[in-house]
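Have a look at the structure below before the remarks.
The values are calculated or read from the model by the stated rules, or taken from the named source; none is laboratory data. Worth saying up front: this structure is predicted, and the values here are computed from it rather than measured. Here the Cβ positions follow ideal geometry from the backbone for every residue, glycine too, while neighbour counts run over all protein chains shown. Surface areas here come from the heavy atoms of the whole protein model, side chains and all, with no ligands, DNA or RNA. Shrake-Rupley method; radii C 1.70, N 1.55, O 1.52, S 1.80 Å.
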Amino acid sequence: MLNRRSVLAAGGVAAGVFGVPQLLAPAEGHEDSTHSEHAKAFVESKTFSGTKPEIVPWTRAMPVPPVLKPLVSTAKQEVYQLSIERTTAEILPGLKSPVMGFGGQFVGPTIRAKTGRKTLIMFQNKMDEAANVHLHGGHVAPEHDGHPKDLIEPGRTRLYLYPNSQQGTTLWYHDHSHGSEAAHVYLGLHGAYVIEDDSEKALNLPSGAYDIPILLRDIQFDDSGNIVVFDDPSKRTVVLANGVPQPYFEVAARKYRFRLINSANQRVFKLKLVGDKFTRIGSDGGLLAGTLEQDELVLSSAERSDVVIDFSKYPIGSKLIVTDAVAGEILRFDVVRRASDSSRVPAALRPLPAMPYSTVDREVDLSFVFKPNERPDGVINGKVFDMDRVDFTIKRGTTETWLIKSSDPTGVKHNFHLHLVQFRVLERNGGPPLPGDAGLKDTIPITAGETVKVQATFTGYTGRYVYHCHFLEHSWIGMMAQLEIVP
């Protein structure tokens, strides 16, 4: 029986893939999960040992997702076409696993846009079930935001228009269809979306072939090597970098920019570069005001962090390993050649925009609600998500301060994602923000008992948008709410 008492005893919630949810305690670095019916079609075995598959590390290169080529490109707009389809991927060596993918790829192609030039994408759903697309962190009109109700039915095409009015930043796109987003993203519907701008270009940061998106996530396989959607999160023991477990990546002895994206459903990565530090230059919403030298990067699900690593100080043949606090060694950089390097990383990057005067205060409380003999509900301010209910009405142009908190009785972690606008973290637990809170944000972690105060200005569009926990199994069971911006 899944109830409040049993969850408190075990420290979390997980779900069996077939039938009634079962209680399993998530390991450190993971969050709890709940069951999606869409999982059943992807799992052949009912017995999951949770044993990590035998993987020989550093035998496969980390791929760089290809950049999607436009069908039409003009000074004002680029037009793309991209499919959504079931496919297979060789995640474990020699084994083809059923997955979903944009463009038939387990990690979708990277879309590179430019500030002020629009992107129009025709997404064609070739699957046998509905899907949709959300540009995570994008400032877009509500009809192009991938609202959970706006589905692309099987065999249909939907146009998404992205104005790219934002400054240069690292975004990502993923499925957001109501009731299936957790399974769809877990099975591969994710990819990087990079916006570039002239002012950032003028800084002469590493670019071109030396500007690499890396999507990090975890995954679980059953004893036959099939993907499990979803069992106990602590059994998601395989960590992938651009779809490959424990890969190496050959680099030149020069500076690289890596755009790190946590595309896991509900994992918090704690990353270290053994023997060195990360030079952090960007957050969810673009460049920081100045560089930050960090021993450890903490990335909750959906958070992004742009870092620079200077390999010029290492001799040819050097090998630098990236570790996670729970998973251990997850990625290795191999310095294999010399290369010229005219790029630079200035200490001062880009001033953050001034914060207007806030005129509205709100509270957002994320938690679980338990019912006898039933799956718990995820709630925000005590309410399960309802697409017909507006929770906050906001006047366009208003600046608001939101106090994000979790009174969850289980002590389980959550995180918070706000659609449409970026925000600034003002304080955490009444004190200063954490290093990971720096810059413009759209996603932040929140633990039980914590409070985080943020400020946002709601500009540009009117209409309905959602805000939710971005541990996707939590939003799937209702931990999502809806705001409406009015003139």
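Inside region 65-97, residues that are open to solvent by 50 Å² or more (accessible area, probe 1.4 Å), over 12 Å from Leu120 (Cα atoms) and not hydrophobic (A, V, I, L, M, F, W, C) make up a count of 8. Kindly provide the set of residues from region 140-164 that are small (Gly, Ala, Ser) and surrounded by fewer than 18 Cβ atoms within 10 Å (Cβ to Cβ), ordered by number. Matches in region 140-164: Ala141, Gly155. Just for region 165-191: of the residues that are modelled with pLDDT of 95 or more and open to solvent by 10 Å² or more (accessible area, probe 1.4 Å), which one is farthest from the chain's Cα centre (by Cα)? The selected residue is Ser165.
Given the criteria closer than 23 Å to Val298 by Cβ and open to solvent by 50 Å² or more (accessible area, probe 1.4 Å), does Lys413 qualify? So Lys413 passes the test. Taking the criterion of being open to solvent by 20 Å² or more (accessible area, probe 1.4 Å) and hydrophobic (A, V, I, L, M, F, W, C), the residues of region 391-406 that qualify are Phe392, Leu403.
Checking each residue in region 254-269 for being open to solvent by 10 Å² or more (accessible area, probe 1.4 Å) and not basic (Lys, Arg) picks out Leu260, Val268.
Of the strands (runs of 3 or more DSSP E) lying entirely inside region 370-487, those containing at least 2 residues that are within 16 Å of Gly285 (Cα to Cα) are 414-418, 423-428, 443-446, 451-457.
In region 209-253, how many residues are over 22 Å from Arg332 (Cβ atoms), surrounded by 20 or more Cβ atoms within 10 Å (Cβ to Cβ) and touching a Leu at 6+ places or on another chain (Cβ under 6 Å)? Qualifying residue count for the region: 1. Scanning region 106-139 for residues that are open to solvent by 10 Å² or more (accessible area, probe 1.4 Å) and outside any loop (DSSP other than H, G, I, E, B) returns Arg112, Lys114, Lys118, Leu120, Met122, Gln124.
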